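Engineer: My questions will all concern the structure given below.
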Amino acid sequence: MGAVGPRVSRRHPLGFGYRLAVVVLWPIMRTSVSWDIRGTDRLTDAPGGIIVAANHLSWFDPLVVAYTLWTADRPPRFLTKEPLFRVPVIGRIIRNAGQIPVYRETADAASAIRDALVALGRGECVAVYPEGTITREPNLWPMSAKTGAVRMALLSGAPLFPMAQWGPQAVMAPYSKRVRLLPRKTMHVWVGEPVDLSDLAERPLDADTMREAGDRLMEAITDLLAQMRHETPPAERFVYRREAP
């Protein structure tokens with residue numbers, strides 16, 4: 001990218017929980033794994049609020065995403081499942097750190113979008129996993145998208161950046177709690193150009209618009225991941241449907 005003027009720190013006032021997490025986790029993430037980070041200058045150079053949408057491989061990868069965004073001077077506000085906010089100690093830390101609770105399938109479900117729009121209006125970075133959960137695709141390719149990320153982008157006009165990551169699943173396998181740091185793993189994190197949704201901006205936010213926007217987002221993430229993995233993704237995207245209790 002071309003030369004830009006002096007960088008202005010995007011580190012808005014952060015709660016004690018956020019700063020504590022940085023102090024504790026930064027040296028661990030910096031030294032316990034290797035890094036291949038590309039394209040984050042796009043995030044640093046973007047004016048105003050931004051949305052970063054990443055594929056989800058493991059319970060380890062939120063740390064990978066957070067580290068990457070912090071190094072880009074874009075500390076993230078994650079959309080986080082609400083039950084985590086009720087976990088003793090952890091819940092208090094992430095709430096103090098300004099993370100945004102997602103209330104699934106309740107009357108409060110829209111509040112996450114509302115809170116995210118407020119953060120975007122303040123010029124912050126909102127990080128989201130558009131799949132809504134760790135991928136269930138057998139070979140760990142991205143699944144179909146939920147509507148949250150593209151809805152935020154269309155409502156706010158904020159740029160929607162695709163992020164692909166590969167490597168966290170080697171530290172913690174999908175849905176596993178076992179950590180394997182040795183031998184040292186490499187975290188590959190690439191950020192692409194913003195997804196172009198300009199032609200959808202005047203359309204009603206109905207199911208067809210959300211589907212088309214979501215397909216564009218997941219295609220952008222999948223293309224980055226395919227380059228990273230040097231593999232060809234499936235011709236059709238995996239659709240995960242949660243089983244009824």
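Read-outs: derived from the displayed coordinates by stated rules, not from any lab. This one's a predicted model, so the numbers in the text were calculated from it and none came from an experiment. All Cβ positions, glycine included, derive from the backbone under ideal geometry; neighbour counts span all protein chains shown.
Engineer: Taking a cut-off of 19 Å between Cα atoms, list the lysines near K81, but don't count ones fewer than 8 places away on the same chain.
Structural biologist: Of all the lysines, those that pass the test against K81 - Cα under 19 Å, at least 8 places apart if same chain - are K146, K177.
Engineer: Another question, then. Based on the mean of other Cβ atoms within 10 Å per residue, sort peptides 181-192, 136-147, 162-173, 42-53 so the most packed one is first.
Structural biologist: Result, highest mean Cβ count within 10 Å first: 162-173, 42-53, 136-147, 181-192.
Engineer: Listed highest first by mean packing, meaning other Cβ atoms within 10 Å per residue, what order do 205-211, 67-73, 33-39 come in?
Structural biologist: Ranked from most to least packed, the peptides come out as 67-73, 33-39, 205-211.
Engineer: Also, I was wondering about something else. Count neighbours as other Cβ atoms within 10 Å of each site's Cβ, and list the GluC sites (Glu not before Pro) in segment 126-218 that are DSSP loop with at most 15 such neighbours.
Structural biologist: E202
Engineer: Can I ask one more? Starting from the Cα-Cα distance between I37 and R180, subtract it from 0.36 nm times their residue separation and give me the gain in nm to one decimal.
Structural biologist: Between I37 and R180, full extension yields 49.4 nm more.
Engineer: So if each residue of separation counts as 0.36 nm, and I subtract the Cα-Cα distance between F16 and N139, what length gain in nm does that give?
Structural biologist: 40.4 nm
Engineer: Can you tell me, using C-alpha contacts under 8 Å and at least 6 residues apart, the relative contact order of segment 35-229 as a whole percent?
Structural biologist: Once normalised by length, the contact order is 31 percent.
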